[in-house]
Amino acid sequence: MKAVGACELPGFLTAAATRVMAEEADQLGLTAYFNTVRGNAYLEPTDAGLPADHPKRLEDHTTVGVLAYDMIPRSSALRALYEWDPLMDFLAAALGEPKLYRYADPMGALNLSVMRPGDYLRWHFDQTGFVTSIALQSAETGGDFEYVPMIRSPNDEQLDRVRALLKGDGREVRRFPMTPGTLLLFMGRYSIHRVTAVGGARFRYVALLGYDTNEGVDSTEHLKKMRYGRTEAQIPPP
């Protein structure tokens with residue numbers, strides 16, 4: 001984590017648990033919200049007043065399906081794992097933090113990412129300090145996680161490096177192959193990342209578990225609308 005801003009733990013889930021959650025995803029994924037959007041790598045509204053080659057003006061498309069937290073049944077194995085306090089305590093220890101809190105966004109706290117053949121997730125920075133993901137099912141081809149470790153910092157946006165990457169310079173890119181059962185702990189606010197295009201007939205499923213070092217953190221209305229097609233949460237199913 002300290003060296004590259006990421007930690008990969010293969011076999012975090014047993015084969016049996018991975019299979020159960022993938023089977024859940026086959027059903028839950030049918031109601032995922034799919035959307036194709038264009039936007040910048042900062043997940044912010046694009047400012048037309050910036051220079052044309054500014055990284056915040058460089059846009060790309062994303063096509064991905066997302067099932068929001070409020071659509072995941074309270075009885076699901078995935079939800080039980082996310083709401084299990086020992087997992088949160090383990091992640092706090094791995095990050096060297098005294099305490100973590102579950103994300104306060106009633107839609108974004110736990111997501112199931114669903115990618116069909118041809119889907120692609122563009123280069124972007126996260127709005128949270130770190131991301132916890134668990135791979136549940138890989139696509140037949142593609143769907144790899146690519147990133148550039150700690151390309152920016154709180155005090156330096158490194159706009160030249162970000163611009164070069166967004167224009168196709170892949171010299172700094174690292175890759176994590178998609179392996180079911182693997183937990184990935186990743187510093188997504190400062191390490192730009194994407195998921196390569198998915199191929200073949202099999203869907204790609206990844207669980208995204210939202211935690212933060214601060215209590216009460218929520219998503220922006222802009223991000224909610226883009227990711228879920230709505231801004232108001234629903235009551236979770238049984």
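The values are calculated or read from the model by the stated rules, or taken from the named source; none is laboratory data. Since we're looking at a predicted model, the values are computed, not measured. Cβ coordinates were reconstructed from backbone atoms using ideal geometry, including for glycine residues, and neighbour counts include every protein chain displayed.
Suppose the filter is in contact with an Asp or Glu (Cβ under 6 Å, 6 or more places away or on another chain) and either in contact (Cβ under 8 Å) with a residue 24 or more places away in the chain or crowded, with 19+ Cβ neighbours inside 10 Å (or both); does residue 113 pass it? Judged against the criteria, residue 113 is not a match. Is it true that residue 132 is closer than 28 Å to residue 197 by Cβ, in contact (Cβ under 8 Å) with a residue 40 or more places away in the chain and surrounded by fewer than 16 Cβ atoms within 10 Å (Cβ to Cβ)? Considered against the rule, which asks whether it is closer than 28 Å to residue 197 by Cβ, in contact (Cβ under 8 Å) with a residue 40 or more places away in the chain and surrounded by fewer than 16 Cβ atoms within 10 Å (Cβ to Cβ), residue 132 comes out as no. One residue stands out among those in segment 88-110 that are among the charged types (D, E, K, R) and surrounded by fewer than 22 Cβ atoms within 10 Å (Cβ to Cβ): the one that is nearest to residue 183 (Cα to Cα), which is 89. Set side by side, the residues 53, 85 differ, and just one is among the charged types (D, E, K, R), over 26 Å from residue 229 (Cβ atoms) and surrounded by fewer than 11 Cβ atoms within 10 Å (Cβ to Cβ), which is 85. Just a yes or no: is a residue in segment 56-65 modelled with pLDDT of 95 or more, under 18 Å from the mean Cα position of the chain (by Cα) and assigned to a loop (DSSP other than H, G, I, E, B)? No, there is no match, as no residue in segment 56-65 is modelled with pLDDT of 95 or more, under 18 Å from the mean Cα position of the chain (by Cα) and assigned to a loop (DSSP other than H, G, I, E, B). Of everything in segment 135-149 that is closer than 21 Å to residue 59 by Cα and of a type in the set (A, V, I, L, M, F, W, C), the residue that is surrounded by the most Cβ atoms within 10 Å (Cβ to Cβ) is 148. State yes or no: is residue 25 in contact with a strand residue (DSSP E or B) (Cβ under 9 Å, 6 or more places away or on another chain) and modelled with pLDDT of 95 or more? The answer is yes for residue 25. Of the residues in segment 109-118, at least one is over 30 Å from residue 168 (Cβ atoms) and either of a type in the set (Val, Ile, Thr) or not in a loop (DSSP other than H, G, I, E, B) (or both). Against the criterion of being small (Gly, Ala, Ser), surrounded by fewer than 16 Cβ atoms within 10 Å (Cβ to Cβ), outside any helix (DSSP H, G or I) and out of contact with any Phe, Trp or Tyr (no Cβ under 9 Å at 6 or more places or on another chain), residue 16 does not qualify. Determine whether residue 43 is of a type outside the set (D, E, K, R), assigned to a helix (DSSP H, G or I), within 19 Å of residue 133 (Cβ to Cβ) and in contact (Cβ under 8 Å) with a residue 60 or more places away in the chain. For residue 43, the condition - of a type outside the set (D, E, K, R), assigned to a helix (DSSP H, G or I), within 19 Å of residue 133 (Cβ to Cβ) and in contact (Cβ under 8 Å) with a residue 60 or more places away in the chain - is not met.
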